[in-house]
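See structure below.
The values are calculated or read from the model by the stated rules, or taken from the named source; none is laboratory data. In this text the structure is predicted, and so the values were computed from the model without any measurement. Glycine also receives a Cβ, built like all others from the backbone with ideal geometry; neighbour counts cover every protein chain displayed.
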Amino acid sequence: MPKLLHLIVACAENRVIGRGGRLPWRIPEDLAYFHAETAGQTCVLGRVCYETWPRVQEDGRRPVVISRQTALAQPGVAVAPSLTAALAIAETLPGDLFICGGQRIYEETLTLDRPLRLHLTLVHAEVAGDTFMPEWRQFTWHERERRESRDANFRYTFSTLDRM
């Protein structure tokens, strides 16, 4: 039986998740949440996400990078040419399986016919960007947890949603 897939993402109300290969905000509480949730887990992510996350191998994370650039492979980092191939590798590794982006990886994952858990930080703002979280609201989700928070710049909601 395949592992439950955990998608973890922070996005704005207009579904923006990135701008110029970076996050379009700095929210320390969300960054700490992201690192805590993914610590010790297997993380499937695209090349850009991998290249812009210097801490990807810290805290016991096992990255599986979706890229045709096989030179990215190194001890502790697996590389796969597709989401299907990445999931086949990730299923053999210990820990939970987290999908960490980017846009295309989220799009493909949401089309899979398997249980998903979405760890969503919804930033209550319209933000300019060039990378988007695909529309997730058309699916039927069961809310497991919800917590409101804010910092000096943004109000945001941490939600954990299951799609079975």
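General observations
- Residue within region 77-92 that is within 29 Å of Thr157 (Cβ to Cβ), in contact (Cβ under 8 Å) with a residue 24 or more places away in the chain and among the charged types (D, E, K, R) present: no
- Taking region 126-143 as the range and being over 15 Å from Val9 (Cβ atoms) and touching a residue at least 24 places away in the same chain (Cβ under 8 Å) as the test, the residues that pass are Glu126, Ala128, Asp130.
- Filter result (over 15 Å from Leu31 (Cα atoms), in contact (Cβ under 8 Å) with a residue 24 or more places away in the chain and out of contact with any Gly (no Cβ under 6 Å at 6 or more places or on another chain)) within region 52-66: Arg62, Val64
- Selection status of Leu110, more than 24 Å from Ile27 (Cα to Cα), among the aliphatic types (A, V, I, L, M) and in contact with a helix residue (DSSP H, G or I) (Cβ under 9 Å, 6 or more places away or on another chain): no
- Screening Val79 on (1) assigned to a loop (DSSP other than H, G, I, E, B); (2) surrounded by 14 or more Cβ atoms within 10 Å (Cβ to Cβ) shows it passes everything except condition (1).
- Condition check for Arg104: touching an Asp or Glu at 6+ places or on another chain (Cβ under 6 Å), farther than 17 Å from Tyr156 by Cα and among the basic types (Lys, Arg): no
- In region 35-56, the residues that are in a helix (DSSP H, G or I) and either surrounded by 20 or more Cβ atoms within 10 Å (Cβ to Cβ) or acidic (Asp, Glu) (or both): Glu37, Thr38, Cys49, Tyr50, Glu51
A quick yes/no check of all residues on (1) at pLDDT 95 or above; (2) closer than 24 Å to His124 by Cβ; (3) surrounded by 19 or more Cβ atoms within 10 Å (Cβ to Cβ):
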{"residue": "Met1", "(1), (2), (3)": "no, no, no"}
{"residue": "Leu5", "(1), (2), (3)": "yes, no, yes"}
{"residue": "Ile8", "(1), (2), (3)": "yes, yes, yes"}
{"residue": "Ala12", "(1), (2), (3)": "yes, yes, yes"}
{"residue": "Gly18", "(1), (2), (3)": "yes, yes, yes"}
{"residue": "Asp30", "(1), (2), (3)": "yes, yes, yes"}
{"residue": "Ile66", "(1), (2), (3)": "yes, no, yes"}
{"residue": "Ala88", "(1), (2), (3)": "yes, no, no"}
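- Here Thr70, Thr157 are screened, and the one residue that is of a type in the set (Ser, Thr, Tyr), out of contact with any helix residue (DSSP H, G or I) (no Cβ under 8 Å at 6 or more places or on another chain) and under 16 Å from Asp30 (Cα atoms) is Thr157.
- When region 1-34 is filtered for residues that are assigned to a loop (DSSP other than H, G, I, E, B) and under 19 Å from Phe158 (Cβ atoms), the ones remaining, listed by number, are Leu4, Glu13, Asn14, Arg15, Leu23, Pro24, Trp25, Arg26, Ile27.
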